[in-house]
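Trainee: Below is the structure I would like to discuss, written out as structure tokens.
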Amino acid sequence: MALATTTTSTSLDFGPAVALSCRECGARYELGPSFACIECFGPLEIAYDFGRVTREQISQGPANIWRYRSLLPVPVDVASKPNTEPGWTRLVKAGNLARELGLRSLHVKDDSGNPTHSFKDRVVAIAVEAARNFGFHTLSCSSTGNLAGAVTSAAARTGLDACVFIPADLEQGKIVMASVYGGKLIGIDGTYDDVNRFCSELIGDELGDKWGFVNVNLRPYYAEGSKTLAYEIVEQLGWRIPEQIVIPVASGSQLTKIDKAFKELIALGLVEDTPYKIFGAQAEGCSPVSAAYKAGHDVIRPVKPDTIAKSLAIGNPADGPYVLDIARRTGGGVEDVTDPEIVEAIHLLARTEGIFAETAGGVTVGVLRKLVESGRIDPDAETVVLNTGDGLKTLDAVSDQARPTAVIRPSLDAFRAVVA
Ligand SMILES: Cc1ncc(COP(=O)(O)O)c(C=O)c1O
Ligand SMILES: [Zn+2]
């Protein structure tokens, strides 16, 4: 494992971010392309010195993640020269789905509307600013699919080189999205966890001071991008934290940072300190966090993934233990659904709300349904469920049920025969 370094230069501009701090022992380091604590090998995250931040300031910002720049590790003037403009995706009031499930108030945060059709554009946008700060010319990542497309697209926009790594057996939609923007796409014969381990080796051996691996040596910066999902949900609800939220879990980074964002908003006095429950959602075929939660364990036992929810197929999730802590602390939970339940949930969301989710969205909606049916979600509490990706990238999940109702000659009789 590459160790944290303390090298940095005074010309870096990370806005309100002041240091890297170890999530385990609290040791602090100067801002640099580091991700693990020298003292205890714990993960590093960004520490801030927020100035005064007001709702008015935020609401006057652009309709993208840069409206929250004063809460992110990015230069203060980032909005005037943005690398990409993800975020401010729609929060859909899902009355039809709520009625079908028996919930009083439900919203879908639909992140399929981002530039490359997943929430990964948020995290990559922050990582690009870090790569620029550190003078990296190549942007890289280990990816379950969506991240690879977000990285190659952002690299194309910002004039960086891209070289991204994926498991070779991903869905065609993910492969097309990752290759169409140019750059190098390397398929690895193995699982995501093999890809990730290989990238860590590359960093340790030769590339760590040359390439920005957004989710490895730039991970502390990258991860902060997920906070913007929480900021947006709160602002779009009229500056309220939802009482219950269902979030997909692959590495667990997104869920961890949504919790961090709620806590920041409370600490800054931007929102009332109301209780919230966080629920993690996994596919049964890759459910190491859900299994540990159900068994009452603190340690995650890695698994070999086997599920159609390939974007969530991380068998050894880096932030898994933190997901367990958050689920338990907030009174939420972690649950999983089978592949047929994922497909059913994709159809349910499409049929009720007109939203076509990728398999990760099938996982969250399927888990939401399971939580309601088992009485673990309060039907009267304000609930938000995330859809983090676009169904067009995982067509295979539903294509065997997709066909014309009928194929007919263009005649009135033929039409009447099939549409009674
Ligand atoms: C569509 C989608 N949703 C959710 C996630 C989960 O992200 P995390 O690794 O932050 O848990 C991923 C990760 O690749 C993803 O592609
Ligand atoms: Zn430490």
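Trainee: Being assigned to a helix (DSSP H, G or I) and small (Gly, Ala, Ser) is the requirement here; does Ala162 meet it?
Mentor: Criteria not met by Ala162.
Trainee: I'd like to verify a number: residues in region 137-159 that are part of a strand (DSSP E or B) and either free of Cβ contacts under 8 Å to residues at least 12 places away in the same chain or within 16 Å of ligand 2 (Cβ to nearest atom) (or both), how many?
Mentor: Here the count works out to 0.
Trainee: Let me ask something else. Quick check on my filter: what residues within region 34-61 are open to solvent by 40 Å² or more (accessible area, probe 1.4 Å), more than 16 Å from ligand 2 (Cβ to nearest atom), at pLDDT 95 or above and out of contact with any strand residue (DSSP E or B) (no Cβ under 6 Å at 6 or more places or on another chain)?
Mentor: Phe50, Arg55, Glu56, Gln57, Ser59, Gln60
Trainee: What is the residue count in region 99-126 for residues that are open to solvent by less than 10 Å² (accessible area, probe 1.4 Å), under 19 Å from Ala345 (Cβ atoms) and among the hydrophobic types (A, V, I, L, M, F, W, C)?
Mentor: Of the residues in region 99-126, 2 are open to solvent by less than 10 Å² (accessible area, probe 1.4 Å), under 19 Å from Ala345 (Cβ atoms) and among the hydrophobic types (A, V, I, L, M, F, W, C).
Trainee: Within region 278-314, how many residues turn out to be among the basic types (Lys, Arg) and under 18 Å from the mean Cα position of the chain (by Cα)?
Mentor: The qualifying residues number 1.
Trainee: Within region 8-41, which residues are among the basic types (Lys, Arg) and either touching a Lys or Arg at 6+ places or on another chain (Cβ under 6 Å) or within 16 Å of ligand 1 (Cβ to nearest atom) (or both)?
Mentor: Once the filter is applied, which keeps residues that are among the basic types (Lys, Arg) and either touching a Lys or Arg at 6+ places or on another chain (Cβ under 6 Å) or within 16 Å of ligand 1 (Cβ to nearest atom) (or both), region 8-41 yields only Arg23.
Conditions tested, residue by residue: (1) at pLDDT below 95; (2) surrounded by fewer than 24 Cβ atoms within 10 Å (Cβ to Cβ); (3) within 16 Å of ligand 2 (Cβ to nearest atom); (4) basic (Lys, Arg).
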{"position": "Glu232", "(1), (2), (3), (4)": "no, yes, no, no"}
{"position": "Arg240", "(1), (2), (3), (4)": "no, yes, no, yes"}
{"position": "Val246", "(1), (2), (3), (4)": "no, no, no, no"}
{"position": "Ser251", "(1), (2), (3), (4)": "no, yes, no, no"}
{"position": "Lys260", "(1), (2), (3), (4)": "no, yes, no, yes"}
{"position": "Lys263", "(1), (2), (3), (4)": "no, yes, no, yes"}
{"position": "Asp273", "(1), (2), (3), (4)": "no, yes, no, no"}
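Trainee: A further question follows. Identify, by number, the condition in (1) open to solvent by 50 Å² or more (accessible area, probe 1.4 Å); (2) in the same structural domain as Ala397 (by TED's automatic domain parsing) that Arg132 doesn't meet.
Mentor: Among (1) open to solvent by 50 Å² or more (accessible area, probe 1.4 Å); (2) in the same structural domain as Ala397 (by TED's automatic domain parsing), the lone unmet condition for Arg132 is (2).
Trainee: Among the residues of region 135-145, what is the count of those that are open to solvent by 10 Å² or more (accessible area, probe 1.4 Å) and closer than 24 Å to Ile308 by Cα?
Mentor: The qualifying residues number 1.
Trainee: Can you tell me which residues in region 160-212 are buried (at least 19 other Cβ atoms within 10 Å of the Cβ) and on the phi > 0 side of the Ramachandran plot?
Mentor: Matches in region 160-212: Gly183 only.
Trainee: Among the numbered conditions (1) within 12 Å of ligand 1 (Cβ to nearest atom); (2) of a type in the set (Lys, Arg); (3) farther than 24 Å from Ser112 by Cβ, tell me where Lys257 comes up short.
Mentor: Just one mismatch for Lys257, condition (3).
Trainee: Among the residues of region 77-98, is there at least one that is open to solvent by less than 60 Å² (accessible area, probe 1.4 Å), within 16 Å of ligand 2 (Cβ to nearest atom) and either assigned by TED's automatic domain parsing to the domain that holds Pro242 or not in a loop (DSSP other than H, G, I, E, B) (or both)?
Mentor: no
Trainee: Please give the number of the condition Leu202 fails out of (1) touching a strand residue (DSSP E or B) at 6+ places or on another chain (Cβ under 9 Å); (2) more than 16 Å from Ser34 (Cα to Cα).
Mentor: Answer for Leu202: the failing condition is (2).
Trainee: Regarding Gly361, is this residue open to solvent by less than 10 Å² (accessible area, probe 1.4 Å) and out of contact with any Phe, Trp or Tyr (no Cβ under 9 Å at 6 or more places or on another chain)?
Mentor: Yes: the conditions hold for Gly361.
Trainee: Among the listed residues Ala250, Ala261, identify the single one that is assigned to a loop (DSSP other than H, G, I, E, B) and either in contact with a Pro (Cβ under 8 Å, 6 or more places away or on another chain) or under 30 Å from Cys141 (Cα atoms) (or both).
Mentor: Ala250
Trainee: State the number of residues belonging to region 176-208 that are outside any helix (DSSP H, G or I) and of a type in the set (Val, Ile, Thr). Before the answer, list the steps.
Mentor: Going through region 176-208, the residues outside any helix (DSSP H, G or I) turn out to be 180-191, 208.
Going one step further and asking which of them are of a type in the set (Val, Ile, Thr), we end up with 180, 186, 188, 191.
The qualifying residues number 4.
Trainee: Return a yes/no flag: does region 332-343 have any residue that is touching a residue at least 12 places away in the same chain (Cβ under 8 Å) and farther than 21 Å from Asp306 by Cβ.
Mentor: Yes, region 332-343 contains a residue that is touching a residue at least 12 places away in the same chain (Cβ under 8 Å) and farther than 21 Å from Asp306 by Cβ.
The values are calculated or read from the model by the stated rules, or taken from the named source; none is laboratory data. This one's a predicted model, so the numbers in the text were calculated from it and none came from an experiment. Every residue, glycine among them, receives a Cβ derived from its backbone with ideal geometry; neighbour counts consider all protein chains shown. These area figures cover heavy atoms from the full protein model, side chains too; ligands, DNA and RNA do not enter into them. Shrake-Rupley method; radii C 1.70, N 1.55, O 1.52, S 1.80 Å.
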